Amino acid sequence: MIVGPHWRTVWYESFYVSGTLTVTGDSGITASPGVINNGAARFPLAFHLVGENITTDETLALTVNWLDNDTAGILGTTTFDTLTASVLRDYEAWPGDASFFNAGRDMVPMFPYFKANWTLAGTTKSMNFTLYVDYLVYTV
């Protein structure tokens, strides 16, 4: 059977894994996995945030700034609901608040760079998170 070029859906692929977080901070400007170095364009559908080791009074607030290069140029932001010990998951549709795109009309590719920004609160503040992505990719 010969299969020609087609769209393939990838579900729940790991996008970013934090280390143990003890203070508010950020990831620094980071290349989006698979986008730089001649990777095939990825067209995200949504991002899943999964918090781990968040206990009692701790909270984790996460935003992701999407960038067009490795020095600046914010194109939009994806803001997740704050995670708590009782709410360890959130799901956000792409492209977040990149308002110059119409998410219902435009297929917006993943931007080449991002910067994850987290704000922690609580007594202990020792937690981590994993960010997953669902996306389409054109396979030849």
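FYI, it's all coordinate maths here, none of it is from the lab. Values in this document were obtained by computation on a predicted structure and should not be read as measured data. Here the Cβ is made from the backbone with ideal geometry for all residues, glycine too, and neighbour counts use every protein chain on show.
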9 Å beta-carbon shell around residue 49, net charge (K/R +1, D/E -1) = -2
Excluding residue 10 itself, calculate the net charge of residues whose Cβ lies under 14 Å from the Cβ of residue 10, where each Lys or Arg counts +1 and each Asp or Glu counts -1.
-> 0
For residue 124, what is the net charge nearby, where nearby means another residue's Cβ is under 12 Å from its Cβ and Lys, Arg count +1, Asp, Glu -1?
-> -1
Could you calculate, for the stretch 10-139, the ratio of the Cα radius of gyration to the Kirkwood radius, expressed as Rg to Rh?
-> 0.98
³J(HN,Hα) across the stretch 55-60 via Karplus (A = 6.51, B = -1.76, C = 1.60, θ = phi - 60°), whole Hz, x for Gly/Pro?
-> 10, 5, 9, 7, 9, 9
Most packed first (mean Cβ within 10 Å per residue), the peptides 73-85, 5-17 order as 73-85, 5-17
